[in-house]
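> Dumping the structure here so I can ask a few things about it.
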Amino acid sequence: NTLMAVPLFIAMGLILEKSSMARKLLTSMSSLFHNVRGGLAVSVVLVGAMLAASTGIVSASVVMMSVIALPLMLKAGYDKGLASGTVAASGTLGQIIPPSIILIILGDVMSVSVGELFMGAVLPGLVLVGLYIAYILIYSYLKPEIAPVASDIKSISLAEAFFSIVPPLMLMVTVLGSIFAGVASPTESAAFGVIGAVLLSALNKSLNFDMLEYAALESVKLSGMIFMILIGATAFSLVFNELGGSDLILEFFSHDIGNVWIFISVAMISIFILGFFIDFIEISFIIVPILVPVMHAFGIDPIWFAVLIALNLQASFLTPPFGLSLFFLKGAAGESIRTMEIYRGIIPFIFLQFLALCLVIIFPDLVFAFL
């Protein structure tokens, strides 16, 4: 079953979280961009993208970046809003950049190939990374005081940078490449990813029994939570369908309204509003199955629609008052940053996510480029 990949990708992410990979990645990236205004924030986005492609776990990425990157940015004199917004938004890239847990769940719920879903999400994910970087560079250029040049960051040799960046990059390419090439299923690639994460930890001299025990226990807890929600959501869907709920919604959109763009707009707005209050897993298991019959009735491509939903659900991690990334960031940052500064800093990144969503709606080829 596709969902078997979930606990394996979670374990892979947790092992990498406990290794010193993230710290080395950030040190290397920061030294490469230290002469660029806003370069430290750009390096945080790039490291966030690499962590997303290596771990796929938002909570782990946000906490790691909050502990490692946020103090560096504040010490360099960065505006607290920009610093917190960059860390929170970069940490949530694991929602859209494969191997994302949400893409695996959507693949199962919508009965589409997870491999194709991963391929469809690559370019939209990179577009979002590009938008974040463009915003940071333009904002830093217009208001130089919010992002000083971090001249005090020590430069490292190209060899050090190579050995910090290339191993996780190789793991990412191997895991995703095997899925894209059709050599392995997502579950098999996830199993290979766990082995690769253990080897990377050994390479970083951070592998020990306590780390493996932590990864195993946390994987069981997180996977158990996901599967318990799945059981409850399946029961809800069965009752909802038996009472004729899905037929009512299908009739309303396909006959009473009959406009595909109104359906897409209502679906996206509903998911965005629900993201303020409930978790992405509940939305995926409860709301998405209600939308699937209407999607098929309108002849909407399920891969494209799933990527739209994944991009939309990513915003749910950043929207107050219940955005999980904001809680992770505040919890890890402590008293160094106020909640209102986090809210202020995250708003531009939510708009950038909307822009990315609109671009994928207007240019569907962004999803089909690698298919």
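> Run the simple label-point estimate for residue 298 and residue 269 please: 7 Å along Cα→C-beta, distance reported in nm.
Result for the modelled spin labels: 1.3 nm.
> Tally up the carbon and sulfur contribution to the accessible surface of the chain as a whole percent, 1.4 Å probe, everything protein left in place.
Carbon plus sulfur share of accessible area: 71 percent.
> Taking the Cα centre of the stretch 1-86 as origin, sum charge times position over the Cβ atoms of Lys and Arg (+1) and Asp and Glu (-1), and report the length of that vector in debye to the nearest 20.
200 debye
> Then there's this: Name the residue from 232, 264, 209 whose Cα lies farthest towards the positive end of the charge dipole of the stretch 191-279, charges +1 on Cβ of Lys and Arg and -1 on Cβ of Asp and Glu.
Towards the positive end, the residue furthest out is 209.
> Can you list the HN-Hα couplings for the stretch 169-180, worked out from phi with the Karplus curve (6.51, -1.76, 1.60; θ = phi - 60°), rounded to whole Hz and with x for Gly and Pro?
Here the 3J(HN,Hα) series is 5, 5, 4, 4, 5, 5, 5, 6, x, 5, 6, 4 Hz.
> Just grab the label-to-label distance for residue 365 and residue 322, each label 7 Å out from Cα along the Cβ direction, in nm (one decimal).
4.0 nm
> Can you pull a Stokes-Einstein diffusion coefficient for the stretch 166-277 at 4 °C (1.567 mPa s), Rh from Kirkwood over Cα pairs, as a whole number of µm²/s?
D, rounded to a whole number, is 70 µm²/s.
> If you rank 29, 170 by how much accessible surface each has, with a 1.4 Å probe, what is the order from largest down?
Details: 29 20, 170 110 Å².
My answer, sorted largest first, is 170, 29.
> What does the accessible area per residue of the chain come to in Å², with a 1.4 Å probe and no ligands, DNA or RNA counted?
Working: 15410 Å² over 371 residues.
Normalised by residue count, the accessible surface of the chain is 42 Å².
> Provide the per-residue ³J(HN,Hα) series for the stretch 210-220, in order, calculated from phi with Karplus coefficients 6.51, -1.76, 1.60 and θ = phi - 60°, each as a whole number of Hz, with x at glycine and proline positions.
Result, ordered by residue: 4, 5, 5, 5, 4, 4, 5, 5, 5, 4, 5 Hz.
> Test of understanding: given the chain, find the longest segment containing no trypsin sites (Lys or Arg not before Pro) that are in a DSSP loop and have at most 11 other Cβ atoms within 10 Å.
206-371
> Can you work out D for the stretch 98-254 in µm² s⁻¹ from Stokes-Einstein, where Rh is the Kirkwood radius over C-alpha pairs, the temperature is 4 °C and the viscosity is 1.567 mPa s? Before the final figure, lay out the partial values.
Working: Rh = 20.2 Å.
Once the numbers are plugged in, D ends up at 64 µm²/s.
> Which Cα, out of 69, 276, 109, lies furthest along the positive dipole direction of the chain (beta carbon charges, K/R +1, D/E -1)?
It is 69.
> Let me ask you something else. Using the crude model of +1 on Lys and Arg Cβ and -1 on Asp and Glu Cβ, and no other charge, please compute the dipole size for the chain relative to its Cα centre, in debye to 20. Numbers along the way, then the final one.
On the way: 13 positive and 21 negative charges, 269 e Å.
Dipole magnitude for the chain comes out near 1300 debye.
> Show me the three semi-axes of the equivalent ellipsoid for the stretch 196-343, from the C-alpha gyration tensor (sqrt of 5 times each eigenvalue), largest first, rounded to whole Å.
Working: eigenvalues 268, 87, 46 Å².
For the stretch 196-343, the ellipsoid semi-axes come out as 37, 21, 15 Å.
> When the scattering of the stretch 94-160 is computed by the Debye formula from its Cα atoms alone, each counted once and equally, what is log10 I(q)/I(0) at q = 0.20, 0.23 Å⁻¹?
Reported log10 I(q)/I(0), two decimals: -0.82, -0.91.
> Per residue of the stretch 193-200, what does 6.51 cos²θ - 1.76 cosθ + 1.60 with θ = phi - 60° give for ³J(HN,Hα)? Whole Hz please, x for Gly and Pro, Karplus curve as stated.
x, 4, 4, x, 5, 5, 5, 5
> Over the alpha carbons of the stretch 1-143, what is the largest minus smallest coordinate on each principal axis, giving the biggest first in Å?
Rounded to whole Å, the extents work out to 49, 30, 23 Å.
> Which FRET efficiency value, to the nearest 0.05, do you get for residue 336 and residue 249 by plugging their Cβ-Cβ distance into 1/(1 + (r/R0)^6) with R0 = 45 Å? Walk me through the numbers before you get to the answer.
Details: r = 47 Å, r/R0 = 1.04.
Efficiency, from the Cβ-Cβ distance: 0.45.
> A further question on this structure: State which entries of 24/221; 18/80; 80/205 exceed 32 angstrom in Cα-Cα distance in the structure shown. Could you put the intermediate results ahead of the total?
Numbers: 24/221 28 Å; 18/80 27 Å; 80/205 34 Å.
Where the Cα-Cα span goes over 32 Å, the pairs concerned are 80/205.
> Over the stretch 116-201, what lengths in whole Å, largest first, do the semi-axes of the equivalent ellipsoid take, defined as the square roots of 5 times the eigenvalues of the alpha-carbon gyration tensor?
Over the Cα atoms of the stretch 116-201, the semi-axes work out to 33, 21, 9 Å.
> For residue 75, go through the aspartates and glutamates and keep the ones whose alpha-carbon is under 16 Å away, minus same-chain ones fewer than eight residues off.
145, 152, 335
> Over the alpha-carbon set of the chain, work out the extent along each principal axis and list the three values in angstrom, largest first.
On the principal axes, the chain reaches 64, 47, 38 Å in Cα extent.
> Put one equal scatterer on each alpha carbon of the stretch 268-352, apply the Debye formula with no solvent term, and list log10 I(q)/I(0) at q = 0.14 1/Å to two decimals.
So the normalised log intensities are -0.54.
The values are calculated or read from the model by the stated rules, or taken from the named source; none is laboratory data. The model shown is predicted, which means the values in this text are computed figures rather than measured ones. Cβ coordinates were reconstructed from backbone atoms using ideal geometry, including for glycine residues, and neighbour counts include every protein chain displayed. What goes into the accessible areas is simple: the full protein's heavy atoms, side chains included, and nothing from ligands, DNA or RNA. Shrake-Rupley method; radii C 1.70, N 1.55, O 1.52, S 1.80 Å.
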